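Below: the structure, in structure tokens.
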């Protein structure tokens, strides 16, 4: 890591707009350019410790949801603290293994696992598969039998619980594509003798993301606990219950009120008090969202007839959440000075009206070149980025007590187009025989 741009308060992770984890953001942006994703290692560690402390006397395994932030350096922080990984693709499997997360601490979720992905995960020896359909279950049986292995599986239950979150990140209602009903799961266990290469000894539930109330968790956990008791009475032993993730964070200061992690764990304890096996948790956003920010500069100020626009060098391809979910992110001016408060629509340069980070936001008057910070982007920021409008992927930087390291180089145009094939010199494409 580099040390040259530390400030005098390395203990403050995000105390002032110009400071993050002891690093001067103005100097960092000057050195590494913008747009720039930055992550506080200290705050990630703080969240890990808070969760593990709340779980201290339980047989619990925390599996970080890799989709939230798959950067190898971030995954290495998880590995260093003994966390596992919740994956949804072969790509995430390889990232987790490369970061040093043992296969025995990896769970595989998702409705669309391909046969190749299932086989690769079997070969790696992952902890268990969270199974979401009868077809997947039968595929797992065939592939495990071919390998002469026994795959451990958890049945993902869809409890038909409204998580009270955005419709696009709700996963526990009957109309959602995830999991199966308890009635269907009951038939799976009844037919389990026909699946000798699959050990169905787990249950799994995950009702959505960015949940700010305890009640939906309570309802979902109680349904799973009741089903486990029913299965035990029928002779089906359950060794693990995976309670998923979903813990919300504060995106909008003064409005969002996330639950305390201790209250969340207490709710889980009460619902599962009779269960003596292992509990698996799959937090993602909770561990990394608040630890991240997107640094971006004002390209120009455009004065329209009805409103003023701040046009940034970051765009919806760098941070999709506002355009995809109408999500709120607090935005602050990092550059010193500034004029009287002014109302802006804050937008990017991409040719879509959806390329809007915020409307009617009050900021100190800004000028071209000013540095802004979009807060709470450590989850589903860089991980959902694209190269739309042929915009290269932004760099990612890890901050740690006054030091920083570039953990993803800024993509170049040549790298962006490297996999593309040009026309042959004679003007004709070189087709292959079908």
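The values are calculated or read from the model by the stated rules, or taken from the named source; none is laboratory data. Computed from a prediction, not measured in an experiment: that's the story for all the values here. Virtual Cβ from ideal backbone geometry, glycine too; neighbours counted across all protein chains shown.
General remarks:
- Candidates 207, 182 - the one that is in contact with a helix residue (DSSP H, G or I) (Cβ under 6 Å, 6 or more places away or on another chain), surrounded by 16 or more Cβ atoms within 10 Å (Cβ to Cβ), modelled with pLDDT under 95 and over 25 Å from residue 377 (Cβ atoms): 182
- Some residue of segment 218-240 being over 18 Å from residue 130 (Cα atoms), part of a loop (DSSP other than H, G, I, E, B), within 29 Å of the chain's Cα centre (by Cα) and in the same structural domain as residue 126 (by TED's automatic domain parsing): no
- The helices (runs of 4 or more DSSP H) located wholly in segment 9-116 that include 3 or more residues which are over 21 Å from residue 294 (Cβ atoms) and at pLDDT 95 or above occupy 41-54, 72-80, 90-98.
- Residue tally, condition farther than 25 Å from residue 257 by Cβ, part of a strand (DSSP E or B) and touching a residue at least 24 places away in the same chain (Cβ under 8 Å), over segment 289-341: 16
- Residue that is surrounded by the fewest Cβ atoms within 10 Å (Cβ to Cβ) [pool: residues in segment 268-277 that are more than 23 Å from the chain's Cα centre (by Cα) and outside any loop (DSSP other than H, G, I, E, B)]: 270
- Residue that is farthest from residue 180 (Cα to Cα) [pool: residues in segment 111-126 that are within 20 Å of the chain's Cα centre (by Cα) and surrounded by fewer than 19 Cβ atoms within 10 Å (Cβ to Cβ)]: 112
- Any chance residue 145 is out of contact with any strand residue (DSSP E or B) (no Cβ under 6 Å at 6 or more places or on another chain) and in a helix (DSSP H, G or I): yes
- The set of residues in segment 148-165 that are part of a loop (DSSP other than H, G, I, E, B), touching a helix residue (DSSP H, G or I) at 6+ places or on another chain (Cβ under 7 Å) and modelled with pLDDT of 95 or more comprises 149, 150.
Residue-by-condition table, conditions (1) touching a helix residue (DSSP H, G or I) at 6+ places or on another chain (Cβ under 6 Å); (2) touching a residue at least 12 places away in the same chain (Cβ under 8 Å); (3) assigned to a loop (DSSP other than H, G, I, E, B); (4) within 26 Å of residue 76 (Cβ to Cβ):
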site	(1), (2), (3), (4)
350	yes, yes, yes, no
358	no, yes, no, no
362	no, yes, no, no
367	no, yes, yes, no
372	no, yes, no, no
392	yes, yes, yes, yes
407	yes, yes, no, yes
